[in-house]
Amino acid sequence: MEIGAPRIGSCSKEHQKIYKEWFDVADSDNDGRVTGNNAINFLSMSNLSRQELKQVWAIADSKRQGYLGFKEFVIAMQLVSLVQDGNELSHDILKGDVDFENVKPPKMEGLDELIQKKKNPSNSSKPDSDGNSPRQASITTQWFSSKPSKRYLSNVTSIQDGLKKLYTRKLKPLEVTYCFNDFVSPLLTNSDFDAKPMVMLLGQYSTGKTTFIKHMLKCSYPGAHIGPEPTTDRFVVVMSGTDERSVPGNTIAVHADMPFTGLNSFGTAFLSKFECSQMPHPLLEHITFVDTPGVLSGEKQRTQRAYDFTGVTAWFAAKCDLILLLFDPHKLDISDEFKRVIYSLRGHDDKIRVVLNKADQVDTQQLMRIYGALMWSLGKVLNTPEVVRVYIGSFNEKPVNEGFTGPIGKALFEKEQEDLLTDLKDIPKKACDRRINEFVKRARAAKIHAYIVGHLKKEMPTFIGKAKTQHRLTDNLEEEFVKVQRDYHLPPGDFPDVENFKEVLRGYSFDRFEKLKPKMIQDVDEMLGYDIPNLLKTLRNPYD
């Protein structure tokens with residue numbers, strides 16, 4: 001499986017040297033990024049139309065980061081060259097037979113002169129008091145200047161950097177003040193914003209979760225075990241690395257550069273059942289996979305795990321971009337533990353996809369009945385009127401068993417597999433939008449959490465009867481939620497689960513809660529209503 005057409009952006013060493021020189025000119029502040037204003041001025045030397053340059057930027061910045069790194073810059077240059085040669089930009093040209101490695105650099109009018117002046121500043125006019133040539137300063141101003149905004153986001157060059165600053169300045173203070181990290185989700189770190197998109201696989205044992213990952217990678221990964229018995233007994237994160245190795249959970253959880261520090265809250269019992277499998281692989285440069293232990297069924301459910309399996313699943317669900325629920329034709333029952341796991345995914349319905357794996361083990365008539373039974377079971381558990389998307393196929397290295405499926409079944413499986421691969425290919429492109437979506441969702445949840453905690457604090461007496469009042473408020477928490485909803489005009493669907501909230505509340509003294517601070521709420525409202533839209537507007541396609 002190829003993601004993001006890796007051929008585009010590859011070039012010879014000779015061309016790479018040329019593009020590096022050009023990139024250094026375009027990157028006026030030497031931060032390794034060519035932002036919108038810089039790109040507009042640099043790309044104008046190609047003499048392409050605004051509409052053509054809009055397409056160039058859209059394809060080069062397919063992840064919608066708001067800037068071009070060196071690889072994206074090379075892609076932009078290759079696309080400019082193709083357009084100058086009379087080609088029309090489309091997805092077909094990217095998937096076609098273009099030899100990108102040998103696409104010649106485009107013609108950039110006036111660029112050689114600019115590079116020469118940068119190399120030989122002594123040929124320019126007399127330097128000013130700061131040691132800069134007036135001519136050079138005017139060129140720099142002409143090509144690469146932009147009016148700085150008075151807002152603190154003015155020097156931000158990517159959407160994820162903007163979200164980091166907004167989180168630190170406006171959202172994190174609210175979360176810390178009202179203990180949001182204890183009730184809902186651990187505080188975010190820089191690595192949470194920088195992490196690659198994640199895909200989590202869930203299902204009963206032997207439904208093909210590990211085999212599915214191997215099928216995507218076209219090879220095995222360190223620590224992968226496959227068998228009819230429950231072989232995967234731990235959470236395994238499969239991610240990109242310089243060499244092949246398995247890293248224990250306790251080590252990964254304290255690694256500041258990885259987005260897993262929040263897992264420390266689940267304790268050593270979980271971390272001993274968690275590991276990271278690293279290997280160099282082109283697919284893993286774009287996506288991280290999360291393999292999970294098989295969900296228990298039957299008598300096995302009576303054996304309690306040593307850690308909060310559902311809680312860990314919910315933690316990963318909040319971080320993931322896609323959640324695949326795997327079933328096979330012989331394991332359609334949804335056990336109590338599986339039901340709890342699926343309930344824990346609520347709020348992430350848009351990420352869930354269902355895969356009916358090993359479907360070539362039954363004939364067409366049986367498959368039709370199995371599909372209906374699966375949809376009926378899922379309808380009872382997911383409890384939504386919308387029908388969930390179910391992919392049917394056999395995701396392993398073996399060819400489809402035509403003895404059962406016949407030629408029609410084989411064609412169906414191939415089409416379904418292609419649809420699922422398309423879904424996976426789109427993940428990196430949608431990662432930035434997903435991150436914004438999750439950030440906004442988190443901000444709204446933190447606001448509602450602050451309203452609830454502030455309300456509970458306000459209901460507490462000043463001197464006598466504190467314990468009794470706290471007990472009453474906890475027992476009648478659902479009624480208190482309704483009061484908060486009515487007082488602040490909040491949507492009921494955004495409120496947390498009452499039982500989970502009660503459980504955490506029992507470990508707190510309401511008297512120690514902070515009163516509601518309107519200024520903090522106002523800061524978050526300003527962030528949602530002004531700062532984030534302004535950030536997206538500033539870092540959108542500069543030719544829009």
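Do you know which of the residues in segment 351-373 that are in contact with an Asp or Glu (Cβ under 9 Å, 6 or more places away or on another chain) and not hydrophobic (A, V, I, L, M, F, W, C) is most open to solvent (accessible area, probe 1.4 Å)?
361
Do you know which residues across segment 481-517 are open to solvent by 90 Å² or more (accessible area, probe 1.4 Å), part of a loop (DSSP other than H, G, I, E, B) and under 21 Å from residue 174 (Cβ atoms)?
Hits for segment 481-517 are 489, 515.
Would you check if there is a residue in segment 116-132 being open to solvent by 20 Å² or more (accessible area, probe 1.4 Å), at pLDDT 80 or above and either farther than 19 Å from residue 34 by Cβ or part of a helix (DSSP H, G or I) (or both)?
yes
Any idea how many residues of segment 49-71 are open to solvent by 40 Å² or more (accessible area, probe 1.4 Å) and among the acidic types (Asp, Glu)?
1
Looking only at helices (runs of 4 or more DSSP H) that lie completely in segment 23-108, which have at least 3 residues being of a type in the set (A, V, I, L, M, F, W, C) and at pLDDT 85 or above?
36-43, 50-60, 70-84
When you go through 382, 412, 456 one by one, which is the residue that is crowded, with 19+ Cβ neighbours inside 10 Å and at pLDDT 80 or above?
That would be 456, the only listed residue that is crowded, with 19+ Cβ neighbours inside 10 Å and at pLDDT 80 or above.
Residue under question is residue 290, and the condition is that it be of a type in the set (A, V, I, L, M), at pLDDT 90 or above and farther than 29 Å from residue 71 by Cβ; does it hold?
no
May I ask you to list the residues in segment 260-271 that are farther than 26 Å from residue 325 by Cβ and open to solvent by 40 Å² or more (accessible area, probe 1.4 Å)?
Matches in segment 260-271: 261, 264, 268.
Here are the criteria: (1) under 24 Å from the mean Cα position of the chain (by Cα); (2) crowded, with 16+ Cβ neighbours inside 10 Å. Tell me which single one residue 255 does not satisfy.
(2)
Suppose we filter segment 320-350 for residues that are in a helix (DSSP H, G or I) and either crowded, with 20+ Cβ neighbours inside 10 Å or not charged (D, E, K, R) (or both); how many remain?
Of the residues in segment 320-350, 5 are in a helix (DSSP H, G or I) and either crowded, with 20+ Cβ neighbours inside 10 Å or not charged (D, E, K, R) (or both).
Please work out which one of (1) open to solvent by less than 40 Å² (accessible area, probe 1.4 Å); (2) at pLDDT 85 or above; (3) part of a helix (DSSP H, G or I) is the condition residue 17 fails and give its number.
(1)
What are the pairs, 6+ residues apart or on separate chains, where a residue within segment 503-523 that is over 19 Å from residue 308 (Cβ atoms) has its Cβ under 7 Å from a residue that is among the charged types (D, E, K, R) and surrounded by 15 or more Cβ atoms within 10 Å (Cβ to Cβ)?
510/457; 513/457; 514/457; 515/457; 521/447; 523/170
Report, ordered by the first and then the second residue, all pairs with beta carbons closer than 7 Å, sequence separation of six or more or different chains, a first member in segment 332-357 that is in contact (Cβ under 8 Å) with a residue 24 or more places away in the chain, and a second member that is assigned to a strand (DSSP E or B) and charged (D, E, K, R).
357/328
Evaluate the following for residue 531: is it open to solvent by less than 70 Å² (accessible area, probe 1.4 Å) and in a helix (DSSP H, G or I)?
yes
Being over 30 Å from residue 502 (Cβ atoms) and free of Cβ contacts under 8 Å to residues at least 24 places away in the same chain, is that true of even one residue in segment 269-281?
Within segment 269-281, not a single residue is over 30 Å from residue 502 (Cβ atoms) and free of Cβ contacts under 8 Å to residues at least 24 places away in the same chain.
Please verify whether residue 290 is within 26 Å of residue 253 (Cβ to Cβ) and either part of a helix (DSSP H, G or I) or open to solvent by 30 Å² or more (accessible area, probe 1.4 Å) (or both), treating the condition exactly as stated.
The answer is no for residue 290.
The values are calculated or read from the model by the stated rules, or taken from the named source; none is laboratory data. For clarity, every value in this text was computed on a predicted model and none was experimentally measured. Heads up, the Cβs are rebuilt from the backbone with ideal geometry, glycines too, and the neighbour counts pull from every protein chain shown. Areas reflect the complete protein model, heavy atoms only, side chains present, ligands, DNA and RNA absent. Shrake-Rupley method; radii C 1.70, N 1.55, O 1.52, S 1.80 Å.
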